[in-house]
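Reviewing the structure listed below.
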Amino acid sequence: MSKDTKKNIFILVMLLGLFTLSLIFFPFIGIERITLGEVLSDPSSRGSEIFWKLRLPRVLAGMLCGGVLSAAGLTFQAMFRNPLATPFTLGTASGASLGAGFYIWAGWSFSLAGISGLTLMAFLGALAALSLVYGFSRWRRGMPSEVMLLSGVAISIFFSSLILLLQYMSNQAHSLRILRWLMGGLEIVGYRQILEPLPLALVGLTVIFLKRLDLNLLTTGEDLAAGRGMNVNQTKIILLLSAGLMVGAVVAVAGPVAFVGLIVPHICRLLFGPDHRILVSASILMGAVFLSGCDALARIVLAPAELPVGIITSLLGGPFFIWMLLRPRV
Amino acid sequence: MEIILAARGFSYRLGKKTLLEEIDFEVRAGERWAIIGPNGAGKSTLLKAFCRILVSGEGLLLVGDKPLSQYKQKALARWISYVPQASGRDDLFTVREFVVMGRYAHLSAFSVLTRRDWEEVERVLDLTGMTDFAHRRVSTLSGGEQQKTLIAAALVQGANIMLLDEPTAFLDPYQQSQIHDLLETLHQDAGVTLVEVTHDINQAALGHDRILGLRAGRVVFTGSPEELMTGGVLREIYGRSFKLFPHPETGRTMVLP
């Protein structure tokens with residue numbers, strides 16, 4: 001429909017504008033004041049160093065993680081037909097954390113086809129958690145989504161206690177590294193840590209973008225989706241693998257940054273409606289802006305200290321989650 | 001006319017429970033069937049097995065001239081469309097957005113909707129009388145309007161066979177007659193083969209060519225409306241007696257529960 005298409009193009013242009021502004025503006029926010037003149041005029045200046053080597057990578061990392069976590073949340077919400085389904089509530093993030101925690105605890109250091117062991121282990125952990133939740137849902141067909149979410153929460157708690165166990169058994173250095181990593185943070189230096197998860201994230205995001213009509217159909221119910229010609233089980237497995245892959249990849253970099261996948265897709269649905277033809281792109285862009293914005297806030301809110309961004313998103317997300325639970329349904 | 005839908009010795013079990021047992025059933029192109037029977041007789045299960053919403057089962061299901069197992073899901077959806085019950089749908093999509101999803105089976109892997117898809121949507125909205133509701137959210141519609149939306153979404157699939165699960169349940173008499181008129185139009189003018197699950201025996205006898213009676217997962221009756229409307233047949237299907245009387249104007253046999 002030309003009118004709908006026009007509306008969607010308008011939304012996308014606005015969001016791309018917001019995204020670009022954030023990309024330019026957020027690197028200037030931080031304890032150390034830097035100016036545009038400094039950055040542009042003298043590449044060897046202190047400001048320029050901070051901008052290119054510290055702030056910009058950090059903003060980009062926030063954008064990557066934010067986009068991925070939002071898209072994963074949106075995907076889970078459509079699949080499980082529940083707005084509270086997120087990488088967190090389904091145990092995916094804790095699964096990834098457990099995988100990564102295990103890698104640190106074991107003191108391993110390896111990489112496979114250019115992907116670090118930490119990322120691989122995080123992916124495997126995410127996959128394990130998703131398989132459990134998916135297995136439960138297959139085991140009892142027609143299980144209410146609330147029960148599924150609770151089983152995800154239970155898996156999440158179970159994995160968290162395994163992480164605690166790992167920490168308990170670790171030496172002090174490893175233990176501290178696990179703890180700091182669990183807080184979730186984007187304090188990276190340089191671009192290597194962004195380039196590594198990027199291919200995995202792009203694969204996941206592309207699959208989900210291509211499956212945007214499938215997400216629409218899944219929200220109308222699995223029976224109807226199958227009746228319209230969707231191979232429902234195959235589609236769900238593809239979506240879960242893609243989401244697990246990209247969540248694993250970004251959690252390996254940033255730690256389990258909570259609630260992004262809950263807040264951003266919900267705001268997008270409120271603003272743009274239920275159609276995933278626009279929601280997928282919108283959630284990725286909004287998620288990118290949201291998390292890099294939260295991280296900019298984290299850099300200044302307790303200056304001169306810098307907070308891990310995971311603390312900010314959790315402080316925002318907790319009340320938001322309660323509000324979503326208690327709000328009257330329309 | 002050739003047979004385009006058939007079950008041969010088809011059984012469906014869920015765990016230890018048998019939902020359908022040795023079903024034999026043949027639909028010819030252009031027929032209008034009703035499936036009747038008490039709750040739990042396996043009527044919806046049979047529809048869902050044909051659309052492969054429920055996977056597996058023993059025996060053979062045929063669609064066109066091929067077994068169901070030889071179809072990919074998208075190809076199957078171009079043969080058969082499915083209309084579920086429309087009780088209180090909470091979809092936030094507009095009617096138009098909802099109906100266009102029915103084009104899924106015609107889309108490539110890149111999920112791009114073409115002008116042709118949108119033209120089909122407008123055509124079925126017009127055919128079902130839903131054009132004026134195209135901008136409304138599905139969740140805000142009445143039961144009858146939601147049912148028409150579901151039928152429009154099934155029609156846009158372009159399949160020659162439509163399976164409907166109690167299309168008039170939960171509707172008031174006026175909306176029921178609207179749905180019946182719509183289905184009659186699809187059957188007569190568009191030549192769609194219809195198979196409807198219903199609890200309304202009189203409607204089944206009035207509007208349909210053939211009737212399948214199921215009880216406890218088995219076929220207990222296959223035949224014409226005239227053959228159905230006898231005390232013995234109805235007792236066999238429902239396990240109780242009905243009062244039969246002639247329609248005051250047409251003289252056709254009617255039942256009172």
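The values are calculated or read from the model by the stated rules, or taken from the named source; none is laboratory data. Just so it is clear, the structure is predicted and the values come from calculations on it, not from any experiment. Neighbour counts run over all protein chains shown; Cβ positions are idealised from the backbone, glycine included.
Details
Here is a yes/no grid of residues against (1) within 23 Å of residue A:273 (Cβ to Cβ); (2) out of contact with any Gly (no Cβ under 6 Å at 6 or more places or on another chain); (3) free of Cβ contacts under 8 Å to residues at least 40 places away in the same chain:
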{"site": "B:75", "(1), (2), (3)": "no, yes, yes"}
{"site": "B:91", "(1), (2), (3)": "yes, yes, no"}
{"site": "B:94", "(1), (2), (3)": "yes, yes, no"}
{"site": "B:97", "(1), (2), (3)": "yes, yes, yes"}
{"site": "B:108", "(1), (2), (3)": "no, yes, yes"}
{"site": "B:129", "(1), (2), (3)": "no, yes, no"}
{"site": "B:140", "(1), (2), (3)": "yes, yes, yes"}
{"site": "B:153", "(1), (2), (3)": "yes, no, no"}
{"site": "B:156", "(1), (2), (3)": "yes, no, no"}
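- Selected residue [surrounded by fewer than 22 Cβ atoms within 10 Å (Cβ to Cβ), away from chain B (no Cβ under 14 Å) and not acidic (Asp, Glu)] from A:262, A:241: A:241
- Residue list for segment B:120-148, filter: out of contact with any Pro (no Cβ under 7 Å at 6 or more places or on another chain), closer than 29 Å to residue B:63 by Cβ and away from every other protein chain (no Cβ under 11 Å): B:120, B:123, B:124, B:125, B:126, B:127, B:128, B:130, B:146, B:148
- Checked against (1) surrounded by fewer than 21 Cβ atoms within 10 Å (Cβ to Cβ); (2) more than 14 Å from chain A (Cβ to nearest Cβ); (3) of a type in the set (Val, Ile, Thr), residue B:23 passes all but condition (1).
- Selected residue [within 13 Å of another protein chain (Cβ to nearest Cβ) and at pLDDT 95 or above] from B:76, B:92: B:76
- For residue A:159, the conditions (1) within 14 Å of chain B (Cβ to nearest Cβ); (2) buried (at least 20 other Cβ atoms within 10 Å of the Cβ); (3) more than 18 Å from the chain's Cα centre (by Cα) all hold with the exception of (1).
- When every residue of segment A:189-207 is checked against the conditions, at least one turns out to be part of a helix (DSSP H, G or I), in contact (Cβ under 8 Å) with a residue 24 or more places away in the chain, within 14 Å of chain B (Cβ to nearest Cβ) and within 21 Å of the chain's Cα centre (by Cα).
- Residues located in segment A:212-235, provided they are crowded, with 23+ Cβ neighbours inside 10 Å, of a type outside the set (A, V, I, L, M) and more than 7 Å from every other protein chain (Cβ to nearest Cβ): A:214
- Set B:159, B:169, B:204, B:154: member being closer than 28 Å to residue B:134 by Cβ and assigned to a helix (DSSP H, G or I): B:154
- Scoring residue B:53 on the criteria (1) assigned to a loop (DSSP other than H, G, I, E, B); (2) over 17 Å from the mean Cα position of the chain (by Cα); (3) facing chain A (nearest Cβ under 8 Å) leaves a single failure, condition (2).
- Any hit, segment A:35-56, residues being closer than 20 Å to residue A:263 by Cα and touching a residue at least 60 places away in the same chain (Cβ under 8 Å): no
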